[in-house]
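Encoded as C-alpha cells, the structure appears first; notes follow it.
The values are calculated or read from the model by the stated rules, or taken from the named source; none is laboratory data. Keep in mind it's a predicted model, so treat the numbers as computed, not measured. Ideal geometry is used to build each Cβ from the backbone, glycine not excepted, and the neighbour counts take in all protein chains shown. Just the protein is used for accessible areas: all its heavy atoms, side chains included, with ligands, DNA and RNA removed. Shrake-Rupley method; radii C 1.70, N 1.55, O 1.52, S 1.80 Å.
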Amino acid sequence: MKIVSHITDMQSWSDARREEGKKIAFVPTMGFLHEGHLSLVREGKRRGDVVIVSIFVNPIQFTQQTDFATYPRNLEQDQRLLEEVGTDVLFYPEAQEMYPEGFQTAVEVDTVSQPLCGAFRPGHFRGVATVVTKLFNITKPHVALFGEKDFQQCVVIKRMVKDLNFDLKVLAMPTVREPDGLAMSSRNARLSPAEWQTSLCLSRALGRAQELVTHGERRASTILQAVQETIAREGRVRIEYVSLCHPETLEEVTEVSGPTLLALATWVGEVRLIDNRVIG
C-alpha cells in the first residue's frame, strides 16, 4: 500500500492511473476504521481497478472543538487494516495542506443540509461538502463509496455531485452493524460497557417502527411515539431528534406511503450517536 501525504502527489498518481485506463474507487474516512469502512473498501475493489482511502479528521465539520479533539485516532491500526483488505493508496494529508493560510472557499448544499443533523450542527454539512469536494478534486475517482449510517451525508453528497456536474458516481452502501445490532461507528469506542448496552435501544426502536408498519400502521405520529417510548425506557438516553421523512428530499412526512427514512440522533453520556432505517 502506497501512502501519500501531499495533494500534488495524490493528483499525479490518480492522473497516471486514469491515463492507463484504470477505474479509480475512492473511500473517504476520518480514520479509526471498523468493519463498516472495510466493507466499503472491499466493494470499491469490486467496482474499480484501484482503491484510494483517505484518512482526514476534518476540522471544519465539527461544531464543537471538544468533539474534534476527542475524536478517536489510531493511524497504525488503520494502516494495518487497510493493507489487509488490499487498499492501493492511503491518502493522509495534514490539515495545514488541506486548509492553507488564507483559505476562504466553501461549498454549501442548501435544503437537504437543513433538517435532521443540520438543525443541530450548524455548519457541519458545509464542512462536509467542502472537504469532499476537495477530496474528489485531489483523488479524481470514477466512483466514491459512502456508508448509509450517515444517511443525510449521503443525500447531501449525491445532491452536490448532481448539481455541480461531478464526473463520478456516488454509491451509498448499507449500514454495517455489530452482532448485537448497534450501528458501527468510530464513536462507539468512547462508550463504556454500560453505555454500549444502553445504546442498543436505538436499533430496537428502529425495529419497533418497522414492526408497526408491517402490521399496517401508517401514521407518522404513532410510529414516532413508539420509537421515542422505546428509547425513553432506557432512561439514560437524551433524544436530539427522531424524524420520519422522504429518503431523497428529507422532508418530513405525516404518513408512511412508501419507502420512508426513519432517522434519529441521541446522546448517550458524552457520545452522540445517529442511526436510521428506511421503513415501508
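If N is the number of residues in segment 43-140, what value comes out of its Cα radius of gyration divided by 2.2 N^0.38 Å?
Ratio of Cα Rg to 2.2 N^0.38 Å: 1.22.
Ranked from highest to lowest mean number of other Cβ atoms within 10 Å per residue, what is the order of the peptides 145-156, 199-210?
145-156, 199-210
Using 1/(1 + (r/R0)^6) with R0 = 30 angstrom and r between the beta carbons of HIS246 and ASP67, what's the FRET efficiency to the nearest 0.05?
The computed FRET efficiency comes out at 0.55.
Kindly give the semi-axes, whole Å and largest first, of the ellipsoid equivalent to segment 141-224, taking each as the square root of 5 times a Cα gyration tensor eigenvalue.
29, 21, 10
Round to a whole number: what % of the accessible area of segment 182-280 belongs to carbon and sulfur, probe 1.4 Å?
Ligands and nucleic acids excluded, carbon and sulfur reach 47 percent.
Just report the Cα centroid separation between segment 2-53 and segment 97-118, whole Å.
Each part's Cα centre sits 23 Å from the other's.
Kindly sort ASP110, ASP15, ASP275 by accessible area of their heavy atoms, largest first, with the probe set to 1.4 Å.
So, going from the largest accessible area down, we get ASP110, ASP15, ASP275.
Expressed in whole Å with the largest first, what are the equivalent ellipsoid semi-axes of segment 1-53 derived from the C-alpha gyration tensor as the square root of 5 times each eigenvalue?
20, 15, 7
If one puts a single equal scatterer on every Cα of the chain and applies the Debye formula without solvent, what log₁₀ I(q)/I(0) results at q = 0.07, 0.08 Å⁻¹?
-0.26, -0.34
Would you please classify the overall shape of segment 159-280 from the alpha carbon gyration tensor, given that a ≥ b ≥ c denote the square roots of the eigenvalues, rounded means a/c under 1.5, and beyond that prolate means a/b larger than b/c while oblate covers the rest?
oblate
Within 10 Å of each candidate Cβ there may be at most 12 other Cβ atoms; applying that plus a DSSP loop requirement, which trypsin sites (Lys or Arg not before Pro) in segment 38-81 survive?
Answer in residue order: no site qualifies.
Please state the relative contact order of segment 108-160 as a whole percent: Cα pairs under 8 Å, 6+ residues apart?
50
Can you give the % of DSSP beta bridges in the chain that are antiparallel, to the nearest 5?
50
Please calculate how many Å² of accessible area the chain carries per residue, with a 1.4 Å probe and no DNA, RNA or ligand atoms counted.
It amounts to 48 Å² per residue over the chain.
If you count, for each residue, the other Cβ atoms within 10 Å and average over each peptide, how do 217-225, 86-94 line up from highest to lowest?
86-94, 217-225
List, in order, the whole-Hz ³J(HN,Hα) value for each residue of segment 269-277 obtained from phi through the Karplus relation with A = 6.51, B = -1.76, C = 1.60 and θ = phi - 60°; use x for Gly and Pro.
x, 9, 10, 8, 10, 10, 7, 6, 7
Sequence gap at least 6, Cα distance under 8 Å: using those rules, report the relative contact order of the chain to the nearest whole percent.
Worked out over the chain, it gives 17 percent.
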